[in-house]
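A short write-up of the structure that comes next.
The values are calculated or read from the model by the stated rules, or taken from the named source; none is laboratory data. Note that the structure is predicted; figures quoted are calculated from it, not measured. Every residue, glycine as well, gets a Cβ built from its backbone with ideal geometry; the counts of neighbours run over all protein chains shown. Quick note on the areas: whole protein, heavy atoms, side chains included, nothing else; ligands and nucleic acids left out. Shrake-Rupley method; radii C 1.70, N 1.55, O 1.52, S 1.80 Å.
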Amino acid sequence: MTISLFCYSSRAAEDVEGILDLLTVQHRGLFEEKFLISRVDDLKSSTTYSDSVSVEIALEHGMRASCLFLVDLNDKSAASLLPTVEAIIKRALGDSNVLILFNNEERR
């Protein structure tokens, strides 16, 4: 079973990319070994923004998302660190600028 955090942000994709690059450097052991961060998908660049399923999912939770990235569990023994990863991401992006859904379902 795959464990993923779907992270929607209202911040611009390029801003989020820079922040995630910095987080990866600051928490190298965490984000290069135990968890993997996907590339950032710019939801605003979609030619059919209003038809985007990701945009609709975020809107259901009250977020006007500009971008989306995933954090995947790479080392199953690190599953207990999920709350730590969530806190790091929320602190870096700003709690009001990020929506984190466990496996794209449960709000964290």
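Observations
- Count of residues meeting criterion [in contact (Cβ under 8 Å) with a residue 60 or more places away in the chain and in contact with a helix residue (DSSP H, G or I) (Cβ under 6 Å, 6 or more places away or on another chain)] in the range 76-92: 1
- If the condition is being open to solvent by less than 30 Å² (accessible area, probe 1.4 Å) and in contact (Cβ under 8 Å) with a residue 40 or more places away in the chain, then the range 32-45 contributes only Phe35.
- Filtered residues of the range 49-58 (kept if in a helix (DSSP H, G or I) and open to solvent by 10 Å² or more (accessible area, probe 1.4 Å)): Tyr49, Ser50, Asp51, Val53, Ser54, Glu56, Ile57
- Number of the exception - Val85 against (1) at pLDDT 95 or above; (2) among the β-branched types (Val, Ile, Thr); (3) open to solvent by 40 Å² or more (accessible area, probe 1.4 Å); (4) in contact with a strand residue (DSSP E or B) (Cβ under 8 Å, 6 or more places away or on another chain): (3)
- Residue match in the range 59-80 (condition: under 11 Å from the mean Cα position of the chain (by Cα), part of a helix (DSSP H, G or I) and at pLDDT 95 or above): no
- Unique match (being in contact (Cβ under 8 Å) with a residue 60 or more places away in the chain, open to solvent by 70 Å² or more (accessible area, probe 1.4 Å) and of a type outside the set (Gly, Ala, Ser)) among Leu22, Leu73, Leu68: Leu22
- Checked against the criterion of being under 17 Å from Glu106 (Cα atoms) and out of contact with any Gly (no Cβ under 9 Å at 6 or more places or on another chain), the candidates Phe69, Phe35 yield just one match: Phe69.
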